[in-house]
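A short worksheet on the structure shown next.
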Amino acid sequence: MAKLASLIPSVGNALGIFVVNNITVPYIEPFPKPLKGTPYESMAIINSMLTEKFCCRSLAPVVRRQETYMKKSLIITGIVLTLISCNGCSKKTSNPVEPNNSIGWTEVNNGLPANSGVSTLLASGTNLFAGVGSEVFISTNNGTNWTPINTGLPLNNGVVSLAVSGANLFVSIQYNAVYDTGGVFVSTNNGASWTVADSGLNTIVDAFLVSGTNLFAGGVRGVFLSTNSGKSWNTINSGLPREPFVAAFASSGNNLFVGTQNGIFLSTNNGTNWTAVNTALTWQNYATTLSVSGTNIFAGTCQGKVYISTNNGTTWTAVDSGLTDIWVNAMLVSGMNIFLGSEGYIFQTNNNGISWNAIDSGFFQVSSFAVLRSDLFVGYGNIGGNKNGVWKRPLN
């Protein structure tokens, strides 16, 4: 315990309180950078599901990557840590229930591995792609059948996110969440083969954004830009806080937005400089998702809040009537409809968030959405549960 005690900050500066082998201590930060030779070196996340999740700033991106609940306990080389409080956002949810087929949802998992959570979905042309566990799959028939497309990818690692830019398909891979190591691969043939495309990247990519010929990637260490289809990447963090934990992107005209643990930042020059646009937002409102609908920018947070800005982030207004106390995992704009995925619910609004209606209460951990043809697809990320994979229903 001596080494551990020497690393523990004062309670007044802690983001939360743990019990370590029955001794109460503050939450230890930063999580993503274990120190060699310390008890942090062998940190591992317990994967059993619990009914409480917390998103203290240093852990929020890890929650997104795992697409499952953060745990009340961590194991550090035989030392058991149990969360008992958090000064960030700690949310409870009801017990999971299975998707309700009676309102139009259909399971479309033929060819996908059983009991594996979906981390990301992407629609491109007539194809639908899914990141499932450590693999990427393609469906060419609207989800009826799935085929693995992993030649050139390192298996036994987690698929985090997908993006398409022209004829190029990109995938982000997580090697080690604790040490924040990962890679990016590109395919020019719809996933038939993959090659490395991460020179200059030094973080797990939690989110991509394609803007013209520019490809942006975001993660714990900030924002990276590639102007040559992933052959090389440059850091563009001027104005961002150190290790901002980028979780989401959005673009509107010449404006580029990033959602971070420190709120939302705006760049008007392709990421050369960033400015905080956080009026009405606090760090507890860690921006987990961003979406654009017309001239409106929507932000979903880890505290169950959704905000709208009608003036490019100058001000934000909460638009959460009808929402439950949720962690916003995914958001998608399709025409006049905005869909929101959370821990147990899918919500829809067609009036810019003035009111939200639950269109299903059976998805315990929604990780992602996609729209293809006239169907809404949802990736269901309840890792280890009885119902995982991809489901769909008509948009209307």
Once residue 270 and residue 254 are pulled to full extension, the length gained, defined as 0.36 nm per residue separation minus their Cα-Cα distance, is 5.0 nm
In whole angstrom, the spacing between the Cα centers of the stretch 267-281 and the stretch 123-183 equals 30 Å
In nm, the gap between the two label points placed 7 Å beyond Cα toward Cβ at residue 145 and residue 190 is 1.3 nm
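Which length gain, in nm to one decimal place, applies between residue 242 and residue 315 when the Cα-Cα distance is subtracted from 0.36 nm times their residue separation?
On the way: separation 73, 0.36 × 73 = 26.28 nm, distance 2.39 nm.
That works out to 23.9 nm of additional length.
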The set of residues whose placed amide H lies less than 5 Å from the amide H of residue 334, leaving out same-chain residues fewer than 5 positions away, is 339
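Cβ neighbours within 10 Å, averaged per peptide: list 372-378, 254-260 in order, most packed at the top. Can you show the working numbers first?
On the way: 372-378: 18.7, 254-260: 22.4.
Output ranking for 372-378, 254-260: 254-260, 372-378.
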Inter-part gap, Cα centre of the stretch 220-238 to Cα centre of the stretch 291-323, in whole angstrom, is 27 Å
Taking a crude spin-label model, label points 7 Å out from Cα along the C-beta direction, the residue 351 to residue 334 distance in nm is 2.2 nm
Given backbone amide H placed at 1.01 Å from N, residues whose amide H is under 5 Å from that of residue 118, ignoring those fewer than 5 places away on the same chain, are 380, 381, 382, 389
Where a ≥ b ≥ c are root eigenvalues of the Cα gyration tensor, a/c under 1.5 meaning rounded, otherwise prolate if a/b exceeds b/c and oblate otherwise, the stretch 101-394 counts as oblate
Ordering 154-160, 132-138 by per-residue average of other C-beta atoms within 10 angstrom, highest first, gives 132-138, 154-160
Treating only Lys and Arg (+1) and Asp and Glu (-1) as charged, each at its beta carbon, one finds that the stretch 101-394 has a dipole about its Cα centre, in Debye to the nearest 20, of 280 debye
So the FRET efficiency between residue 106 and residue 155, C-beta based with R0 = 25 Å and rounded to 0.05, is 0.30
Most exposed to least, judged by fewest other Cβ atoms within 10 Å, 186, 164 sort to 164, 186
Whole-Hz Karplus couplings 3J(HN,Hα) for the stretch 350-356, θ = phi - 60° and coefficients 6.51, -1.76, 1.60, Gly and Pro as x, run 10, 10, 6, x, 4, 8, 10
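Using a cut-off of 14 Å between beta-carbons, work out the net charge of the residues near residue 154 (Lys and Arg +1, Asp and Glu -1, residue 154 not included). The partial results should precede the final answer.
Values: positive: none; negative: 135, 198.
Around residue 154, the charge tally is -2.
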Gyration tensor on Cα atoms of the stretch 221-319, a ≥ b ≥ c root eigenvalues, a/c under 1.5 rounded, else prolate if a/b beats b/c, else oblate, says prolate
Label model pair residue 229, residue 213: point-to-point distance (7 angstrom along the Cα→beta-carbon line) in nm is 1.2 nm
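Every number in this text was worked out from the coordinates using simple rules, so none of it is lab data. Being a predicted model, the structure only gives us computed values, none of them experimental. Here the Cβ is made from the backbone with ideal geometry for all residues, glycine too, and neighbour counts use every protein chain on show.
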